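Since the structure comes first, as structure tokens, the remarks are kept for the end.
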Amino acid sequence: MKLPIAILALTTPALAFTPSPRISTPTSSLNAVSKKDTYQITLLPGDGIGPEIMSSCKDVLGALQKRCGFTLEMKEALIGGVAIDEAGDPFPDESLEQCLKSDSVLLSCIGGYKVNYNTLPYIAALLPLPIYSLINIHTLICYMIVQWDSNPRELRPETGLLKMRKSMGLFANLRPAKVLSQLIDASTLKREVVEGVDVMVVRELTGDVYFGTPKGIDVVDGKRVGYNNMIYDETEIERIARVAGDVASKRGGKLCSVDKANVLDVSQLWRDVVTDVITKDFPDVELSHMYVDNAAMQLIRWPKQFDTMVTGNIFGDILSDEASMLVGSLGMLPSASIGESGPGVFEPCHGSAPDIAGQDKANPLALILSAAMMLRYDLDRAEEADILEKAVEAVLDQGLRTADIKQEGDGCKLVGCIEMGKAVADIVATIDMEVKV
């Protein structure tokens with residue numbers, strides 16, 4: 001199968017990637033490249049804390065390659081705000097071409113803002129001036145903070161993300177929310193509610209109200225009117241249903257389809273098609289249906305009732321974020337975006353956190369877990385994925401915590417991004433797990 005992930009070796013020359021043939025089963029939409037000794041990986045460090053967590057993740061993957069005897073040839077490309085600054089495009093064609101030629105893509109995060117440090121000398125020169133000059137200082141400070149979100153829509157970081165998904169055909173987003181025993185107290189919910197929770201949300205990514213047309217803002221009878229179109233065709237629903245059925249069959253065998261069929265015609269079609277696909281192609285999967293408002297409540301009331309959930313773009317956008325907070329921190333959550341063919345993109349659920357960028361405060365664990373998803377779903381390296389996941393749990397067992405998962409009085413050691421990444425890499429190199437070479 002394919003999932004979003006980019007990984008590149010620092011020593012890799014600029015080369016044309018040649019991905020391997022991908023393998024799949026007749027009813028599965030998940031396919032991986034054939035297992036091999038060398039893979040071509042594109043890394044998209046992005047903005048904010050992205051380059052820091054990517055650096056830590058590469059160290060961990062380096063330790064894994066050395067231990068398990070395979071090679072990830074990793075090459076970086078531009079996306080997001082840094083791509084706007086350097087290439088005038090949030091996802092340049094060169095980046096797209098490189099991603100499409102890869103076996104998989106690993107993405108850190110995009111967007112936020114950045115500090116223009118070139119203005120600091122001018123602000124320092126103004127500091128001795130009288131109070132009336134503070135307005136000039138304020139102007140320079142505003143200039144220091146580069147807000148990409150104030151750009152025209154086509155020059156915003158998120159536009160690059162949407163372009164990547166559409167151009168690479170990434171129609172399915174897999175977002176797991178697994179509560180680790182070491183971090184139960186980081187959740188805002190009671191221990192008895194979240195203990196043992198392990199939910200996978202499968203979200204359709206390229207249809208629904210976000211992409212439906214017609215859409216826009218018009219003036220009607222002298223009043224502004226905004227409108228969007230919530231639309232799916234049956235083939236779009238069929239393919240996401242097959243992904244969800246495949247995922248559910250490899251997990252607990254239970255699938256809950258979320259819609260609003262009691263009031264939306266598009267949801268009635270969704271329910272009918274999902275039922276047909278699962279009944280025909282995945283007879284061993286137990287299928288249920290739930291209205292989205294009830295699902296939002298049940299995720300908080302008793303999340304352990306869910307194993308795999310599948311839903312449309314806008315409902316999935318909301319429910320996957322809600323499910324992620326069961327865990328207690330977005331800094332622990334990976335995700336994968338996949339299509340019908342070609343590489344997937346793997347990325348953490350958290351944002352670019354520009355307020356802590358460059359300060360060694362970021363949590364690299366979600367990106368490391370995203371790399372594990374890449375290994376499992378895109379590269380046919382399930383045992384190596386297990387090593388990364390066990391290493392993350394082991395480092396938490398050692399009592400190491402970054403600031404986002406540190407609790408007052410927990411007796412754990414506060415560490416930065418670099419130390420956390422090194423600790424995981426050390427465990428990957430030494431953990432007692434057998435891997436077939």
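Descriptive notes on the structure:
- Tally, over region 337-355, of residues that are hydrophobic (A, V, I, L, M, F, W, C) and at pLDDT below 95: 3
- Single residue of region 182-198 satisfying the filter (among the β-branched types (Val, Ile, Thr) and at pLDDT 90 or above) that is nearest to ILE338 (Cα to Cα): VAL197
- Remark: pairs (first residue in region 74-93, without any contact (Cβ under 8 Å) to a residue 12 or more places away in the chain and within 21 Å of TYR113 (Cβ to Cβ); second residue open to solvent by 20 Å² or more (accessible area, probe 1.4 Å) and outside any helix (DSSP H, G or I); Cβ separation under 7 Å; 6+ apart in sequence or on different chains) = GLU86/LEU78; ALA87/LEU78.
- Number of positions in region 199-251 that are β-branched (Val, Ile, Thr), within 28 Å of THR279 (Cβ to Cβ) and either at pLDDT below 95 or in contact with a Leu (Cβ under 9 Å, 6 or more places away or on another chain) (or both): 9
- Residue within region 301-315 that is surrounded by 21 or more Cβ atoms within 10 Å (Cβ to Cβ), among the small types (Gly, Ala, Ser) and closer than 27 Å to TYR232 by Cβ present: yes
- Taken as a whole, the structure places VAL274 among residues that are among the β-branched types (Val, Ile, Thr) and either within 30 Å of ASN228 (Cα to Cα) or under 22 Å from the mean Cα position of the chain (by Cα) (or both).
- Boolean, GLU383 is under 21 Å from LEU96 (Cα atoms), surrounded by fewer than 24 Cβ atoms within 10 Å (Cβ to Cβ) and in contact (Cβ under 8 Å) with a residue 40 or more places away in the chain: no
- Subset of region 221-243 (residues that are assigned to a loop (DSSP other than H, G, I, E, B), open to solvent by less than 90 Å² (accessible area, probe 1.4 Å) and out of contact with any strand residue (DSSP E or B) (no Cβ under 9 Å at 6 or more places or on another chain)): GLY222, ASN229, MET230, ILE231, ASP233
- Members of region 187-220 that are small (Gly, Ala, Ser) and open to solvent by 20 Å² or more (accessible area, probe 1.4 Å): GLY196, GLY216
- Within region 148-181, tally of residues that are closer than 30 Å to GLN305 by Cα, open to solvent by less than 40 Å² (accessible area, probe 1.4 Å) and either at pLDDT below 90 or hydrophobic (A, V, I, L, M, F, W, C) (or both): 7
- Unique match (being hydrophobic (A, V, I, L, M, F, W, C), under 21 Å from GLY46 (Cβ atoms) and open to solvent by 30 Å² or more (accessible area, probe 1.4 Å)) among ALA403, ALA362, ALA429, ALA371: ALA403
- Scanning region 42-73 for residues that are assigned to a strand (DSSP E or B) and crowded, with 24+ Cβ neighbours inside 10 Å yields a total of 6.
- Considering region 266-294, and only residues there that are in contact with a helix residue (DSSP H, G or I) (Cβ under 6 Å, 6 or more places away or on another chain) and aliphatic (A, V, I, L, M), the residue that is farthest from LYS250 (Cα to Cα) turns out to be VAL292.
- Scanning region 330-341 for residues that are part of a loop (DSSP other than H, G, I, E, B) and surrounded by fewer than 23 Cβ atoms within 10 Å (Cβ to Cβ) turns up GLU340, SER341.
- Among the candidates CYS417, CYS412, residue that is touching a residue at least 60 places away in the same chain (Cβ under 8 Å) and either closer than 25 Å to GLU73 by Cβ or open to solvent by less than 40 Å² (accessible area, probe 1.4 Å) (or both): CYS417
- Qualifying positions in region 169-220 - outside any loop (DSSP other than H, G, I, E, B), of a type in the set (Ser, Thr, Tyr) and under 20 Å from the mean Cα position of the chain (by Cα): TYR210
- Within region 186-214, residues that are free of Cβ contacts under 8 Å to residues at least 40 places away in the same chain have Cβ atoms under 9 Å from residues that are aromatic (Phe, Trp, Tyr) and buried (at least 17 other Cβ atoms within 10 Å of the Cβ) in these pairs: GLY212/TYR232, counting only partners at least 6 apart in sequence or on another chain.
The values are calculated or read from the model by the stated rules, or taken from the named source; none is laboratory data. For clarity, every value in this text was computed on a predicted model and none was experimentally measured. No Cβ is skipped: glycine too gets one built from the backbone with ideal geometry, and neighbour counts run over all protein chains shown. Protein only, heavy atoms only, side chains kept; ligands, DNA and RNA dropped before computing areas. Shrake-Rupley method; radii C 1.70, N 1.55, O 1.52, S 1.80 Å.
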